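Q: Quick one: the structure is below, questions incoming.
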Amino acid sequence: MSSEQPEKRKGRIKALSQALSKRVGDLWIFAAALAVILIVAGALNSGGLLGQRSQIDSSIGGSNEAASPGMAQQDKGESQEASSPGASSDLQSVKVVKNAYMSIKADNVDETLAKAVFYARSKNGYVENSQYFKNTSEAYASLRIPSGELDSALAYFEKLGRVEEKSLGEADISRQYRDLAARIDNLKAEEQQLRILFEKATQISDMLEIERELFRIRQEIELNTSYLQSYDRDVAYSMVSLRIYSEKDRMWDYLLEKFKSAFEGSLYLLILILAYVPYAALAYIVYVTIKKIRRRKR
């Protein structure tokens, strides 16, 4: 009796392993058939998944794109080019940099931003940078306004909505400006002296040394000149930083946008699954056919 039980256990284990190996073999056949069919389908349709995705996206539409008028542009025209030191105004004049900040509540953020940008350009100013966030209905802009038009610009911006915060700052950079201009003049004089020495030099080693020094001085002149031009720009064009946001509660719009994005993703997944159903069905037919052929051979 005791000897029969181990024999039965061995028989059960053997039968279970045979059934398992058969299932694994069938699974491999189905997977191989599906892989072959997908490879053939991919060769026939060179667009593949990317082509399907582009078609799906084009049919759904780009509703998530939000572009406000006058946005995503950085105007760097002639107004941004500062004058050279030789053409700058009297060094003894007062150099004052003015900056302003304003936080505005408005019903329509993108429309208000477009009006502010249009006004800055109409006064020969330009947009240094701007950002608009549709989900939170909030916008930020850095506008360069001619210094003489700053007061009128601020008065105009105040009419665009309800001003929640406003600040105005001034900085006298006259001393820094004069020091920098004097530094450039000294470097130019030193450069001129080195050029005279270069013409008189007879040794190649001396000429190479003078050339290295000339190169270093020329770099300093160009660097300091760019700083001086930046000072001229800051004096000529005041920076106005704007924050514009909506009075309305946009939480519902935000949730609706998220739901729409999730729905579009689910729709794409559903279309993708339906697109591969025929391939899976064809692979199953091949699998059943191979299985029947194997049974007949046995």
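The values are calculated or read from the model by the stated rules, or taken from the named source; none is laboratory data. A quick note: this is a predicted structure, and the numbers were derived from the prediction, not measured. Cβ placement follows ideal geometry from the backbone for every residue including glycine, while neighbour counts extend to all protein chains displayed.
Q: For Ser167, state whether it is polar (S, T, N, Q) and exposed (fewer than 11 other Cβ atoms within 10 Å of the Cβ).
A: On the way: polar (S, T, N, Q): yes; exposed (fewer than 11 other Cβ atoms within 10 Å of the Cβ): yes.
Criteria met by Ser167.
Q: Looking at the range 131-166, which of its residues are of a type in the set (S, T, N, Q) and part of a helix (DSSP H, G or I)? Before you say what the answer is, go through the steps one by one.
A: Going residue by residue through the range 131-166, those that are of a type in the set (S, T, N, Q) are 131, 135-137, 142, 147, 152.
Ser147, Ser152 - these are the residues of the range 131-166 that are of a type in the set (S, T, N, Q) and part of a helix (DSSP H, G or I).
Q: Moving to a separate point now. List the pairs whose first member sits in the range 104-129 and is within 22 Å of Ser230 (Cα to Cα), whose second member is of a type in the set (A, V, I, L, M, F, W, C) and assigned to a helix (DSSP H, G or I), and whose Cβ atoms are under 9 Å apart, counting only residues at least 6 apart or on separate chains?
A: Every condition considered, the pairs that remain are Ala120/Ala153; Lys123/Ala153; Gly125/Ala153; Tyr126/Ala120; Val127/Val117; Val127/Ala120.
Q: Can you name the number of the only condition in (1) closer than 30 Å to Ser93 by Cα; (2) free of Cβ contacts under 8 Å to residues at least 40 places away in the same chain that Arg195 fails?
A: So the condition that Arg195 fails would be (1).
Q: Can you spot a residue in the range 123-131 that is under 20 Å from Ser246 (Cα atoms) and touching an Asp or Glu at 6+ places or on another chain (Cβ under 8 Å)?
A: No, there is no match, as no residue in the range 123-131 is under 20 Å from Ser246 (Cα atoms) and touching an Asp or Glu at 6+ places or on another chain (Cβ under 8 Å).
Q: Can you pull out every residue in the range 102-142 that is aromatic (Phe, Trp, Tyr) and buried (at least 18 other Cβ atoms within 10 Å of the Cβ)? Working first, answer last.
A: Initially, the range 102-142 is screened for residues aromatic (Phe, Trp, Tyr), giving 118-119, 126, 132-133, 140.
Of everything in the range 102-142, those that are aromatic (Phe, Trp, Tyr) and buried (at least 18 other Cβ atoms within 10 Å of the Cβ) turn out to be Tyr119, Tyr126, Tyr132.
Q: For the range 275-294, which positions are of a type in the set (Val, Ile, Thr) and either modelled with pLDDT of 70 or more or more than 49 Å from the chain's Cα centre (by Cα) (or both)? Quick ask: steps written out before the conclusion?
A: Initially, the range 275-294 is screened for residues of a type in the set (Val, Ile, Thr), giving 277, 285-286, 288-290, 293.
Ile285, Val286, Val288, Thr289, Ile290, Ile293 - these are the residues of the range 275-294 that are of a type in the set (Val, Ile, Thr) and either modelled with pLDDT of 70 or more or more than 49 Å from the chain's Cα centre (by Cα) (or both).
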